[in-house]
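Notes follow the structure.
The values are calculated or read from the model by the stated rules, or taken from the named source; none is laboratory data. Note that the coordinates shown come from a computational prediction; the quantities given were computed from them, not determined experimentally. Backbone-built Cβ (ideal geometry, glycine too); neighbour counts: all protein chains shown.
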Amino acid sequence: MPRVFASPGPIYEPEGAGRDYWRMARALFAAGFRPGELVHNSFSYHFVPAGSIMETGAHALGCTVFPVAPGRPSSRCRRWPSCGPAGYIGTPSFLRILVEKAAEMGVALPSLKKAMFGGEAFPPSLRDWFRERGGYQCYATADLGLIAYETSAREGLVLDEGVIVEIVRPGTGDPVPEGEVGELVVTTLNPDYPLIRFGTGDLSAILPGPCPSGRTNVRIKGWMGRADQTTKIRGMFVHPSPGGRDRQALP
C-alpha cells in the first residue's frame, strides 16, 4: 500500500497501487476532461484521500495535475493566468469564491472551461450558477472511491461500474421500492480493501429508466441528505455528539 489516510470517523483507509485505484477517471471524462489538459486540483492532500482520489483519476485519463489544495483565493487568482488550467476539481463553493475573487481583482480566467465538483452538497442555486460554466458533480467517499457521477444529460447520477448499490430503509438494511428515498448501502469487491454492504449514512433514491446520455448503468437522484445528524463543513464530517459515530457495515 503506497498510502494510508485518516478519513473522518476516525477510520483509516488504504490506497492500493493500481492504476486509477479510486475509479475516478470515468467521472472526469464524463465531465469533459481530456488527455493532455492541465487540471487545478483544490482538494486536500493530507489526512484525507480526496486530493489523491482526483489526482489518480486525472493521471489515468492523461491529464497533468496542478496540486494546490484549499485556501488563499487571492494567491490562486494571481497564478491562474500564468499556468492556464483547463479545468477545476474541488468543492463548488470554493470555485465560486475563486471566480468572484478573480473578478474583484480584475483577473481573467479564459482557460477555465470545465469543473468537477464533490465533497459537499450541490444545491440548485449553485447548480444554476455553474451550469453556464460547465460544472459537473460526482459522489465519492473516502472508503469506497467513486460511487456515481453526473453526465451531460444532467438527470441524476450514473452509478460507477465498480460498485453494487442498494437503497435501504435507514436502520434496518431492508431494500425500499424503486424511487423511494433510503440510505445508500454500497458493496465494492476491491481486492485490496473489500467492503460488503457498507452503510454510507447518505440518502438517495433510484431513478427509473435509462440515462438520456446513453450510459446504461442504474442512476440515483444524487445526494439527498443524511440518515443521521451528521453534516459536512468544507467537505469534512462533523458529528453532533462529543465522540462522534463510526460508520459501519450493515448486517
Any chance you could count how many residues in segment 145-177 are within 18 Å of Gly225 (Cα to Cα), in contact with a strand residue (DSSP E or B) (Cβ under 6 Å, 6 or more places away or on another chain) and either in a loop (DSSP other than H, G, I, E, B) or aromatic (Phe, Trp, Tyr) (or both)?
5
Arg19: in contact (Cβ under 8 Å) with a residue 40 or more places away in the chain, at positive phi, assigned to a loop (DSSP other than H, G, I, E, B) and not acidic (Asp, Glu), yes or no?
no
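Residue under question is Tyr88, and the condition is that it be part of a strand (DSSP E or B), hydroxyl-bearing (Ser, Thr, Tyr), under 26 Å from Ala17 (Cβ atoms) and in contact (Cβ under 8 Å) with a residue 12 or more places away in the chain; does it hold?
Criteria not met by Tyr88.
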Filter result for Tyr149 (surrounded by 14 or more Cβ atoms within 10 Å (Cβ to Cβ), under 28 Å from Ala6 (Cβ atoms), aromatic (Phe, Trp, Tyr) and at pLDDT 95 or above)
yes
Select from segment 1-35 the residues that are under 18 Å from Leu189 (Cβ atoms) and charged (D, E, K, R) and write down the one among them that is surrounded by the fewest Cβ atoms within 10 Å (Cβ to Cβ).
Arg19
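Every residue, every condition in (1) modelled with pLDDT of 95 or more; (2) closer than 17 Å to Gln137 by Cβ; (3) touching a strand residue (DSSP E or B) at 6+ places or on another chain (Cβ under 6 Å), yes or no:
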position: Leu38; (1), (2), (3): yes, no, yes
position: Glu55; (1), (2), (3): yes, no, yes
position: Ala58; (1), (2), (3): yes, yes, yes
position: Thr64; (1), (2), (3): yes, no, yes
position: Pro85; (1), (2), (3): no, no, yes
position: Ser111; (1), (2), (3): no, no, no
position: Gly118; (1), (2), (3): no, yes, yes
position: Pro123; (1), (2), (3): no, yes, no
